[in-house]
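This report refers to the structure that appears directly beneath it.
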Amino acid sequence: MTSQTNPVDHELIEAAAHVARTRCRGDNHTMAAAARARDGRIVTAVNAYHFTGGPCAELVVVGAAAAQGVYELETIVAVGDRERGVVPPCGRCRQVLLDYFPGLEVIVGDGERVRAVPVTDLLPETYVWADHQLDAG
């Protein structure tokens, strides 16, 4: 683990917080995520909670980005509804984000401790799915 921190994208946090304040209603949508594309665009989304395991906001933002033609994300953050602030990604999201975007920065922490860290820092002894696939040829 490198424990490297990078400048925090406060515009990205505010974009996610705005979506959490204005679009998260009731128990179905309780988290918002925002991601910055390599070209500077910001993509936002909310989770789709369901007792069967609906997707987290971070995973929905990956799909929303692809739907908009964005395939290279640089930074991502999730923010909870009811002014809960920045919420770190769950284990499943950490693994998916690493597999899709191994160079991704993830904003974590709260208040004065908010920081951007490489997704690899969130998964010590990282397992990269693509590294363990058999050659097709």
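Nothing in this text is a laboratory measurement; each read-out follows from the coordinates by a stated rule. A quick note: this is a predicted structure, and the numbers were derived from the prediction, not measured. Cβ coordinates were reconstructed from backbone atoms using ideal geometry, including for glycine residues, and neighbour counts include every protein chain displayed.
Near the amide H of Val87, within less than 5 Å, lie the amide hydrogens of Ala78, Val79, Gly80, all on another chain or at least 5 residues away, with H placed in the peptide plane. Derived scalar couplings between HN and Hα for region 36-49 equal 9, 7, 4, 7, x, 5, 10, 10, 10, 6, 10, 6, 10, 4 Hz in order, rounded to whole Hz, by the Karplus curve 6.51 cos²θ - 1.76 cosθ + 1.60 (θ = phi - 60°), x for Gly and Pro.
The modelled label-to-label distance between Leu134 and His10, using points 7 Å beyond Cα along the C-beta direction, is 5.3 nm. When the chain is modelled as a GNM with alpha-carbon springs shorter than 10 Å, which of Arg113, Arg25, Arg36 fluctuates the most? With Cα springs under 10 Å in the chain, the top fluctuation among Arg113, Arg25, Arg36 is at Arg113. Each residue of region 104-120 is assigned a 3J(HN,Hα), and the resulting list reads 5, 9, 10, 8, 9, x, 9, x, 6, 9, 5, 7, 10, 10, x, 4, 5 Hz, derived from the Karplus form 6.51 cos²θ - 1.76 cosθ + 1.60 (θ = phi - 60°), x at Gly and Pro. Placing pseudo-labels 7 Å out from each Cα toward the beta carbon at His18 and Arg38 gives an inter-label distance of 2.6 nm.
Placing +1 on the Cβ of every Lys and Arg and -1 on the Cβ of every Asp and Glu, with no other charges, gives the chain a dipole of roughly 480 debye about its Cα centre. Under the combined filter of DSSP loop state and at most 12 neighbouring Cβ atoms within 10 Å, region 1-71 retains these chymotrypsin sites (Phe, Trp or Tyr not before Pro): Phe51, Tyr71. The charge dipole of region 7-72, taken about its Cα centre with unit charges on the Cβ atoms of Lys, Arg (+1), Asp and Glu (-1) only, comes to about 180 debye.
Length available on full extension from Thr52 to Ala67: 0.36 nm per residue minus the Cα-Cα distance, which gives 3.0 nm.
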